[in-house]
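A.B. asks: Below is a structure I'd like to ask you about.
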Amino acid sequence: MSLRTVLKKELLWSRHRVVALLFVLVLLPGAFAGSSVFFQSVLPRDAPVAVVGSEDVSPDDRAVVEASLDLFSKPRAFDSRAAAFRALKRESVYAVVDVPPGIADPDVDRVNVTITIDGDTVPYREPSGALVTVVSRSLNSNLDKRVAVTREVRGEERRLSSYLVPTFLLMLVATLALAYLPYNLAREEAVVDRLRVETSLLTVLVGKLLFFTAVLAIPIIVFAGAAAALGYDLQVFAPGALFAYVVTFLALGAVATAVTFASRFSTTGRLANVLVLFFVFGFSGLVYPAGFFSPVRREIVRRVPTHYAVVLARRTTFEAVSTVAFAEWLAGLAVFCLLSFVPMIAAVRYYEVRA
């Protein structure tokens, strides 16, 4: 066979797989190139921080502190410390700034401003030091008084290695749902028609999803054993974390199944699932908190359900937090999971009609 014949053969092959090649050569590179616009800086320059103060704090006092925070963050006013620290645990804000009374009063010679961060939010520890420096310089250069700005760390100062344990576990869950599950379904394509005769195809698929959900216990146990061996103080089996893993797998698994059947087990479907997997990795705030990203990407991350699964898994893994504190998140993730089965049912019905 001559080189010309081989090239002609490859050209004919590519003509029959135009859609798959478009995914690999156009959509995937476009997704990677386009995502670069969302990364604008290494340090978060407009991460939201909570501003609180006692009853003695005047509106002018708040305005002075918020003006200094505007240089390196996005201040958000809270009515109480309890609400501010609740937002800190949920990664809605990344620091709590206590406004001292009298900071705007020219008769007061010295005040103390305290910036509190959560020790579990490891990626923000270094940027918080920059925030303290910026606020201190701004206040002392613009006010005729001595302003002492101090940083306090709430809870344990966790290491990055232990911080990443729930992140890697959730990444594994997403990979199993969007990469391995479609591969497993594709291997059974030949027996799908026989299964339709013997039982309901939806019953088979639900059973498969439940089986793989149970199999998730193995990697979770492995992660828990590794964390214990490395001396990490983590609650890997926390109910909230387990709920996040299970709901994430079921929801993404249902989406992957829908894509697989809608594409009739084609390579295009598997590539589409990989594209969804990249989206989950890039827009769930898996490693860096949402406040680290540009405003555009931050708004996208806040609207992705898996983001809340990530935060829920992190928070309940790091400390013994009652799941009641995340009640609305639990309900929202449960609804998201149920809704994910709608396209799966529709895709299977479409497959059965076209078969």
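Each reported figure results from applying straightforward, stated rules to the coordinates on display, with no laboratory input. From a predicted model like this one, the values you see are computed outputs, not experimental measurements. All Cβ positions, glycine included, derive from the backbone under ideal geometry; neighbour counts span all protein chains shown.
A.B. asks: Could you give the length gained by full extension between E352 and D70, i.e. 0.36 nm per residue of separation minus their alpha carbon distance, to one decimal place?
C.D. replies: Residue separation times 0.36 nm, minus the Cα-Cα distance, leaves 95.8 nm.
A.B. asks: Evaluate 2.2 N^0.38 Å with N set to the residue count of region 160-354, then give the Cα radius of gyration divided by it. Intermediate values should be presented prior to the final figure.
C.D. replies: Values: Rg = 17.4 Å, N = 195, 2.2 N^0.38 = 16.3 Å.
Scaled against compact globular proteins, the figure is 1.07.
A.B. asks: Also: Tally Lys/Arg at +1 and Asp/Glu at -1 over every other residue whose Cβ is under 10 Å from the Cβ of A241; what's the total? List each step's numbers first, then the result.
C.D. replies: Numbers: positive: R314, R315; negative: none.
Summing Lys and Arg as +1 and Asp and Glu as -1 gives +2.
A.B. asks: Also, I was wondering about something else. Just how large is the dipole of the chain about the Cα centre, in debye to the nearest 20, putting +1 at every Lys and Arg Cβ and -1 at every Asp and Glu Cβ?
C.D. replies: Here the size comes out at about 1980 debye.
A.B. asks: Can you list the residues, at least 5 places off or on another chain, whose amide H is less than 5 Å from the amide H of K74, using H built in the peptide plane?
C.D. replies: A47, V49
A.B. asks: Residues with beta-carbon under 11 Å from that of G285, excluding G285: net charge, scoring Lys, Arg +1 and Asp, Glu -1?
C.D. replies: Working: positive: R297, R298, R302, R314; negative: E91.
Its environment carries a net charge of +3.
A.B. asks: I would also like to ask the following. So how far apart, in nm, are the two label points at T203 and V287 if each is 7 Å from Cα heading toward Cβ?
C.D. replies: 4.6
A.B. asks: Per-residue HN-Hα couplings for region 112-123, Karplus 6.51 cos²θ - 1.76 cosθ + 1.60 at θ = phi - 60°, whole Hz, x for Gly and Pro?
C.D. replies: Rounded to whole hertz, the list is 10, 10, 10, 10, 9, 10, 9, x, 6, 8, 4, x.
A.B. asks: For the chain, what are the DSSP H helices with axial Cα length of 30 Å or more and mean Kyte-Doolittle hydropathy of at least 0.5?
C.D. replies: Details: long enough: 239-262 (34 Å, 1.81); 327-354 (42 Å, 1.19).
Both cut-offs are met by 239-262, 327-354.
A.B. asks: Sticking with this one: When the chain is fully extended, how far beyond the present Cα-Cα distance does E188 get from S266, taking 0.36 nm per residue of separation?
C.D. replies: On the way: separation 78, 0.36 × 78 = 28.08 nm, distance 1.28 nm.
Length gained between E188 and S266: 26.8 nm.
A.B. asks: Once amide H atoms are placed 1.01 Å from N in the peptide plane, what residues at a sequence separation of 5 or more from Y232, or on another chain, have their amide H within under 5 Å of its amide H?
C.D. replies: none
A.B. asks: If each of F168 and A325 carries a label point 7 Å out from its Cα toward its Cβ, how far apart are those two points in nm?
C.D. replies: Label-label distance for F168 and A325, simple model: 2.6 nm.
A.B. asks: Also: For S161 and A130, what does the FRET efficiency come to when R0 = 25 Å and r is the distance between their Cβ atoms, rounded to the nearest 0.05? List each step's numbers first, then the result.
C.D. replies: Working: r = 23 Å, r/R0 = 0.92.
Using R0 = 25 Å, I get an efficiency of 0.60.
A.B. asks: Which net charge results for the neighbourhood of N140, defined as the other residues with beta-carbon distances under 14 angstrom from its beta-carbon, given Lys and Arg at +1 and Asp and Glu at -1?
C.D. replies: Around N140, the surrounding residues sum to +2.
A.B. asks: Once all Cα-Cα distances of the chain are split into 20 Å bins that start at 0, what whole-number percent is in each one?
C.D. replies: 25, 46, 22, 6, 0
A.B. asks: Would you mind checking which residues have amide H under 5 Å from S294's amide H? H placed 1.01 Å from N; only 5 or more apart, or other chain.
C.D. replies: Sorted by chain and number, the residues that satisfy this are Q40.
A.B. asks: With labels modelled as points extended 7 Å from the Cα through the Cβ direction, what inter-label distance (nm, one decimal) is found for S141 paired with D105?
C.D. replies: Going from the S141 label point to the D105 one covers 2.8 nm.
A.B. asks: Suppose only helical runs count, i.e. DSSP H with n ≥ 4. What mean residue ellipticity at 222 nm does that imply for the chain under -39500 (n - 2.57) per run, divided by all residues and rounded to the nearest 500 deg cm²/dmol?
C.D. replies: -18500 deg cm²/dmol
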